[in-house]
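A.B. asks: Starting off with a structure, shown below.
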Amino acid sequence: MSAPVPEGTEAFAAVPHADPAAVAPLWRRFQETGACTAYQRLEWAQCLVAHLCPPRRGVPLILEIRRAGDAVMLLPLVQRRHRGVRIVEALDLGVCDYAAPLLAPGFAPGAGEAAAIWRVVLRALPPCDLLRLARIPEALGPVANPLALLPEARPIALTASGVALEGDPDTLLKRVCSASFHRDLQRRAKRLDGRATVRLVVAEGEAEIAELFETLAAQRRERFREIGRHEPLDLPGTAAFYRAAALSGAETGSVRVFGLKADDAWIATAYGLVHGGAFHGTILAMAGEPWRTFAPGLLIAARIMVWARAQGLTYFDFTVGAQTYKNGFRPEARALLGLAVPLTLRGRAALALERAAEAIRNSLERRPALSDRVRRSVRWLRRRGSRAQGPTDEN
């Protein structure tokens with residue numbers, strides 16, 4: 001017998017699918033005329049399943065939510081094991097900044113309907129220990145995210161941020177940036193222009209996209225080795241995923257790769273997604289000496305912002321994180337939520353350990369001197385490991 005539905009809601013049913021291709025026409029309709037984020041587009045999800053699920057032993061689980069027989073929502077999930085714990089989570093695997101469903105055109109569930117949908121989601125899950133969704137935005141454009149309406153959803157420390165794009169592209173930066181930051185950008189750009197011919201390149205065609213992506217990957221790896229941080233692009237399948245997504249999204253313009261070129265040198269590169277009138281910055285990289293003094297990362301971000309406005313986009317999304325380079329653009333912060341539902345004793349134990357580790361991280365953040373010592377030790381160990389292993393190339 002199905003669970004009772006709260007008054008004022010309709011009965012929902014969940015139909016599981018093992019592959020995005022099984023609901024591809026429906027998925028495309030929802031992403032183009034309904035509501036979702038850029039990270040739930042079909043091209044992105046298909047590349048994720050092809051390149052990241054095999055090395056991480058993830059099994060896709062796409063839940064199609066129906067109301068009175070009509071599809072009203074898709075919820076992309078993935079099943080995997082981590083240290084013996086069976087986890088179901090958003091179809092993310094480290095490459096999606098937001099967790100969200102895709103909603104049918106005109107479907108805007110309220111809190112009661114969201115709760116009813118959540119019950120059928122829980123009943124449709126395969127045997128698992130923990131259901132976990134992270135980085136849930138509160139809204140999908142003008143529509144509330146039903147995941148954010150659930151009582152289980154709680155604010156998390158991580159936030160997103162972005163800037164509204166309005167008016168003339170040529171004067172955008174003066175309006176968006178703080179006065180001192182805008183002066184600094186102009187000064188650096190002028191110095192760079194005095195040294196080389198500088199232009200922003202928006203990659204077009206397979207060869208140019210591939211060239212710029214390889215440059216971006218090389219710049220990121222060099223910088224991360226330099227500071228002793230782990231480079232996510234070196235994880236199995238990750239670089240291949242981003243490369244494939246850039247190529248598959250080129251036709252629709254949903255994925256863009258950029259380069260800032262000074263004469264014949266690529267001095268900065270960037271990777272982003274376009275969806276729903278917004279540009280979402282995903283990866284930013286830059287060359288080292290002798291270009292670092294010009295802050296090429298800031299310059300390419302500023303030029304992409306102007307490009308985005310010239311394309312008619314109305315929002316520049318810095319996505320997650322509070323990196324200091326964003327501050328000069330005066331972005332507005334947006335809350336993100338998360339939820340975790342343990343479904344077995346093993347799931348409860350795993351969640352308790354995760355929360356204890358999070359408490360330790362938060363404690364370190366409140367003690368900057370100790371936190372800095374820990375980070376220096378970790379960077380030293382990673383640099384030693386990197387030198388011992390040598391460079392990693394992924395084909």
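The values are calculated or read from the model by the stated rules, or taken from the named source; none is laboratory data. It should be emphasised that the depicted structure is a prediction, and the values quoted were computed from it without experimental measurement. In this analysis, Cβ positions are derived from the backbone assuming ideal geometry, glycine residues included, and neighbour counts consider all displayed protein chains.
A.B. asks: Answer yes or no: is there a residue in region 252-260 that is in a loop (DSSP other than H, G, I, E, B), under 14 Å from the mean Cα position of the chain (by Cα) and not assigned by TED's automatic domain parsing to the domain that holds Leu122.
C.D. replies: Scanning region 252-260 turns up at least one residue that is in a loop (DSSP other than H, G, I, E, B), under 14 Å from the mean Cα position of the chain (by Cα) and not assigned by TED's automatic domain parsing to the domain that holds Leu122.
A.B. asks: Within region 180-215, which residues are of a type in the set (Gly, Ala, Ser) and surrounded by 15 or more Cβ atoms within 10 Å (Cβ to Cβ)?
C.D. replies: Answer for region 180-215, where residues must be of a type in the set (Gly, Ala, Ser) and surrounded by 15 or more Cβ atoms within 10 Å (Cβ to Cβ): Ala189, Ala196, Ala203, Ala210.
A.B. asks: Report yes if Ala134 is of a type in the set (A, V, I, L, M) and either buried (at least 22 other Cβ atoms within 10 Å of the Cβ) or free of Cβ contacts under 8 Å to residues at least 60 places away in the same chain (or both), otherwise no.
C.D. replies: no
A.B. asks: Another question about this same structure. Is it the case that Gly94 is touching a strand residue (DSSP E or B) at 6+ places or on another chain (Cβ under 9 Å), more than 20 Å from Pro16 (Cβ to Cβ) and surrounded by fewer than 22 Cβ atoms within 10 Å (Cβ to Cβ)?
C.D. replies: Here the answer is no, as Gly94 does not meet what is asked.
A.B. asks: Considering only residues that are over 12 Å from Ala104 (Cβ atoms) and touching a helix residue (DSSP H, G or I) at 6+ places or on another chain (Cβ under 8 Å), which ones fall in region 16-43?
C.D. replies: Selection gives Pro16, His17, Asp19, Pro20, Ala21, Ala24, Arg28, Ala38, Gln40, Arg41, Leu42, Glu43.
A.B. asks: Out of Arg119, Arg123, Arg191, Arg187, which single residue is assigned to a helix (DSSP H, G or I) and free of Cβ contacts under 8 Å to residues at least 24 places away in the same chain?
C.D. replies: That would be Arg187, the only listed residue that is assigned to a helix (DSSP H, G or I) and free of Cβ contacts under 8 Å to residues at least 24 places away in the same chain.
A.B. asks: Being basic (Lys, Arg) and either modelled with pLDDT of 95 or more or surrounded by 14 or more Cβ atoms within 10 Å (Cβ to Cβ) (or both) is the filter here, so list the residues in region 283-329 that pass it.
C.D. replies: Result: Arg303, Arg309, Lys326.
A.B. asks: What's the total number of residues in region 202-248 that are closer than 17 Å to Gly288 by Cβ, among the hydrophobic types (A, V, I, L, M, F, W, C) and in contact with a Ser or Thr (Cβ under 7 Å, 6 or more places away or on another chain)?
C.D. replies: Adding up the residues that qualify gives 1.
A.B. asks: Out of Leu150, Leu130, report the one residue that is at pLDDT 95 or above, closer than 24 Å to Cys36 by Cβ and not small (Gly, Ala, Ser).
C.D. replies: Leu150
A.B. asks: Hey, among Arg355, Arg309, Arg303, Arg346, which residue is outside the structural domain of Arg123 (by TED's automatic domain parsing), in a helix (DSSP H, G or I) and touching an Asp or Glu at 6+ places or on another chain (Cβ under 6 Å)?
C.D. replies: Arg346
A.B. asks: Given Val59, Val85, Val23, which one is surrounded by fewer than 23 Cβ atoms within 10 Å (Cβ to Cβ) and in contact with a His (Cβ under 6 Å, 6 or more places away or on another chain)?
C.D. replies: Val23
A.B. asks: Got a sec? Which of Val72, Val121, Val163 is modelled with pLDDT of 95 or more, closer than 21 Å to Gly347 by Cβ and of a type in the set (A, V, I, L, M)?
C.D. replies: Val121
A.B. asks: Taking the condition of being among the hydroxyl-bearing types (Ser, Thr, Tyr), touching a residue at least 60 places away in the same chain (Cβ under 8 Å) and under 20 Å from Ala302 (Cβ atoms), how many residues in region 137-179 meet it?
C.D. replies: Count: 2.
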